[in-house]
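Worksheet for the structure shown next.
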Amino acid sequence: MKDINSQENQESLSNDMQHTLDRRDFFRKSAALSATALAGTSIFAGTKALADDPAIINDVPWGIKFGDPVTKNRYGMPSEYEHNNIRRNTKLLSSGNWYASIAMCPIHESEGIITPNGLFFSRAHGGVAHVDPNEFRLMIHGLVEKPLVLTLDQLKRYPSVSRIHFIECPANGGPEWRGPQFNSIQFAKGMMSCAQWTGVYIKTILEDLGLKPEAQWMLAEGSDNSEMGRTVPIDKVLDDAMIVWGQNGEALRPEQGYPVRLLLPGWEGNMCVKWLKRLEFSSEPFYCKEETAKYTALKPSGKAVQHFYANEVNSVITSPCPEKPWTDLKVGDLVEIEGLAWSGYGTITGVDITFDGCKNWTPAKLKGLVLPKAWTRFSFMYRYEGKPLVIGSRAMDDAGRMQPTIAQEVAYMGVESVYHRNSIATWEVTANGEVNNVQIRS
Ligand SMILES: Nc1nc2c(c(=O)[nH]1)N[C@H]1C(S)=C(S)[C@@H](COP(=O)(O)O)O[C@H]1N2
Ligand SMILES: [Mo]
């Protein structure tokens, strides 16, 4: 009997499946297939197709009369049956009110690598601002030859690019340094999302304005109640920093900083200043109080890490997870384990899966687009055995980094930090398929 969990057979198996799905005569071919090479390794072990299923025999209400006129929804909404696919909040992650708070992304419901705009996680320090685009101005000044104040239309006259990147709050997973806090992937890992962003590289604007050689830093400021002043080193500005106005094919949502935000691909979400109003170039960094006081990490030595900008290589299994258990599976079923990997340092090169709490590792497959500083989806076909497991994933990137174990991370950083937790995340799968958030700390 084949070891269907080996990498080789993973590949041939999913090729076979893809091949099958590509055929129009799906039913005939899959019957032939199950009789031969994949006997005993079907997706549904022992489940027969029901020719007398009432759901395929009876008339359905939406099939016997007209549906809605196409003029009904000027802006389309998800099916009413998808009402559970929503952002969620918890008082635990807010400073006592819903203005300086966060709405977590349902990453377990995510398909592919793009977060729909209405589900993008939303973090604000002074509420979500509603900026009138006619009143919008962007001032660019300081150490540039030709300071400018731009309207939105003028800004959009610069040549634009579209790039897929994640944004992650560096506090994602931060409440769990001392142990699991949420039996939920949405609350444990939902401070991130991924979108296709359209805008202009700041280096393109600077070619026009002329950056003075002394310029070392860029201050970015928002027009909202919190301003969120952030200073960015000039190397990042001249590398891939963007000013974006487009999000997945439409204008940014107010929650994401409409009409314009700063995007620093791969770097801490808090630096991606929303509702942008001002960029100032200088030779010295500006520090606002919050920046020096809060976005640092205290190490066991008593010293603090003041500057760490890029989000580390990270990953999480999104299916199964506490919200998507395996309680409906039958022993012998084939099931796809899926997850997301990402790195602020570059491109994901591989993801391994463990079934025994980080003792042994097997490579998963990367599927779909594999892009720098973007969510990358991984997949592993697994034959369900109905026995308890502790599953987890560890990702690697092309900067040569790999996710640490919790023990390695805690040895280096202690448990006093809030930010940049990227140690291996694990789920316990019980004998009846329930899934719980657990940590392997040894
Ligand atoms: N102007 C402004 N920009 C801001 C914030 C803010 O409160 N005001 N929050 C920051 C934080 S902490 C994060 S994690 C990201 C969140 O981006 P999102 O709300 O689009 O997910 O925006 C950042 N930019
Ligand atoms: Mo954040």
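Since every read-out is calculated from the coordinates, none of them should be taken as a lab result. Since this is a predicted model, take the numbers as computed values, not measurements. When we count neighbours, we look across all protein chains shown, and the Cβ atoms used for this are built from the backbone with ideal geometry, even at glycine.
Using Cα springs under 10 Å in a Gaussian network model of the chain, which residue among THR71, THR349, THR198 shows the largest mean-square fluctuation?
Evaluated over the chain, the most mobile residue of the options is THR71.
So how far apart, in nm, are the two label points at THR405 and LYS303 if each is 7 Å from Cα heading toward Cβ?
Those two pseudo-labels are separated by 2.6 nm.
Where the centroid of each part is defined by its Cα atoms, how far is the stretch 209-268 from the stretch 73-107 in Å?
Going from one Cα centre to the other spans 25 Å.
Of all trypsin sites (Lys or Arg not before Pro) in the stretch 49-107, which ones are in loop regions per DSSP and have a Cβ with at most 16 other Cβ atoms within 10 Å?
Working: sites: LYS65, LYS72, ARG74, ARG87, ARG88, LYS91; in loops: LYS65, LYS72, ARG74, ARG87.
Hits after loop and neighbour filter: LYS65, LYS72, ARG74.
Determine the calculated [θ] at 222 nm for the chain from helices alone, applying -39500 (n - 2.57) to every DSSP H run no shorter than 4 residues and normalising by the residue count; nearest 500 deg cm²/dmol.
Roughly -4000 deg cm²/dmol at 222 nm, from the helical runs in the chain.
May I ask you to order 164-173, 54-63, 409-418, 127-136 by the average number of other C-beta atoms within 10 Å around their residues, highest value first?
Details: 164-173: 24.0, 54-63: 7.8, 409-418: 15.7, 127-136: 13.8.
Answer by packing, highest mean first, reads 164-173, 409-418, 127-136, 54-63.
Rounded to the nearest 10 degrees, what's the angle between the helix 26-35 long axis and the longest principal axis of the chain, both from Cα atoms, 0 to 90?
60
Taking 18 Å as the cut-off for C-alpha to C-alpha distance, list the pairs among LYS299/LYS373; LYS212/LYS277; LYS236/LYS373; LYS156/LYS203; LYS189/LYS365 that go past it.
LYS299/LYS373; LYS212/LYS277; LYS189/LYS365
Return the percentage of antiparallel bridges among DSSP beta bridges fully within the chain, rounded to the nearest 5 %.
95
So how tilted is helix 7-22 from the main axis of the chain? Cα-based, degrees 0 to 90, rounded to 10.
Around 80 degrees separate the two axes.
Skipping prolines and chain starts, which residues have an amide H placed within reach, meaning under 5 Å, of the one on LYS277, given they are 5 or more residues away or on another chain?
GLU221, GLY222, SER223
Compare the Cα positions of ASN117, ALA129, GLY339 along the charge dipole of the chain (+1 at Cβ of Lys, Arg; -1 at Cβ of Asp, Glu; about the Cα centre) and return the one farthest towards the positive end.
ALA129
Could you list which residues have their amide H under 5 Å from that of SER101, counting only those 5 or more apart in sequence or on another chain, with H placed in the peptide plane?
It is ALA124, GLY127, by chain and number.
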